[in-house]
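Report on one structure; see the data block that follows.
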Amino acid sequence: MGMQKLNWLFTSGVVGGSTVWMTHFIAMLSFNPPLPHAYEPTLTMASLAVAIGVTILGFLVTATGKPGFLIELGGGIVGAGIAIMHYTGMAGYQIAGRLEWDSGYYAASVFLGIGFGGLATSRIARPVTRFCQYGGILALVLAITTMHFTGMSAITIVPDPLIVTSADVIPDGLLTVMVAIIGVMLALGASTYAIDLHSTRGRRNGSAICRCTIR
């Protein structure tokens, strides 16, 4: 595997993992229960690192597994990363109440993430028609959304006035700014990489034309 492909996998993993993280926390900001709540900084940022790291790992496994079962395994790893990110972020969710979990919804959320993740890479890497890549993108979107909303269905918040959020936390306003900044950085980074990739392909095509002309 060449350096350019590794660079592409790393960039795709960073963009993909960060997008998963942003989607989760945008949904959490929309959740907004009528109780004091905030986000513990260490676990919140750890969830971002998990999302990026596991997504890169999943893409790497998929890229090295063609045409074997590792393609689907890599997608399953990406889906598992979505679940790990979600529950790491939820572990850092502080609210004036107790979180009670439904084990059935919890297990279903993990299986949905892994299943749709495996389907996504399968459709992209093993296309049957030219529309399969769109089906793969849809499956990845479903991996993120079904995992999140099924996972959120697993919790019941029981108000408890004895539980208070700690002082060193991230409030909704600051989290909104963080999500916006990361979104802008991702957009700029992805645009720069796309322009660079297009320029590289243009130079290669130009070199090929020159060689053919000389011959």
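The values are calculated or read from the model by the stated rules, or taken from the named source; none is laboratory data. Values in this document were obtained by computation on a predicted structure and should not be read as measured data. Neighbour counts are summed over all protein chains in view; Cβ atoms, including those assigned to glycine, are modelled from backbone coordinates with ideal geometry. Just the protein is used for accessible areas: all its heavy atoms, side chains included, with ligands, DNA and RNA removed. Shrake-Rupley method; radii C 1.70, N 1.55, O 1.52, S 1.80 Å.
What percentage of the solvent-accessible surface of the chain, computed with a 1.4 Å probe over protein heavy atoms, is contributed by carbon and sulfur atoms?
Summing carbon and sulfur atoms, their accessible area is 71 percent of the total for the chain.
Dipole of region 62-204 (Lys/Arg Cβ +1, Asp/Glu Cβ -1, origin at the Cα centre): which of SER109, GLY173, PRO161 lies farthest to the positive side?
The Cα lying farthest towards the positive end belongs to SER109.
Which sequence of ILE181, ILE163 reflects their accessible areas, 1.4 Å probe, from the largest down?
Of ILE181, ILE163, the descending order of accessible area is ILE181, ILE163.
State, as an integer percentage, the relative contact order of the chain based on alpha-carbon contacts under 8 Å between residues 6 or more apart.
With pairs under 8 Å counted, the relative contact order is 24 percent.
Which residue fluctuates most in the GNM of the chain (Cα springs below 10 Å): GLY16, GLY135, GLY81?
GLY135
Taking the chain as a Gaussian network, Cα atoms linked when under 10 Å apart, which of ALA51, ALA83, ALA167 shows the biggest mean-square fluctuation?
Among ALA51, ALA83, ALA167, the largest GNM mean-square fluctuation belongs to ALA167.
Considering only THR42, THR23, THR145, give the residue with the highest GNM mean-square fluctuation for the chain, with springs between Cα atoms whenever their separation is below 10 Å.
The residue with the greatest mean-square fluctuation here is THR42.
Over region 29-109, give the accessible area per residue in Å² for a 1.4 Å probe, as an integer.
Ligands and nucleic acids excluded, the figure is 44 Å² per residue.
Stretched out fully, how many nm does the piece from ILE163 to LEU138 gain, at 0.36 nm a residue minus the Cα gap?
Difference between extended and current length: 5.0 nm.
Cα gyration tensor of region 93-197, axes a ≥ b ≥ c as square roots of the eigenvalues: rounded (a/c below 1.5), prolate (a/b > b/c) or oblate?
Because a/c hits 1.5 or more and a/b fails to exceed b/c, region 93-197 counts as oblate.
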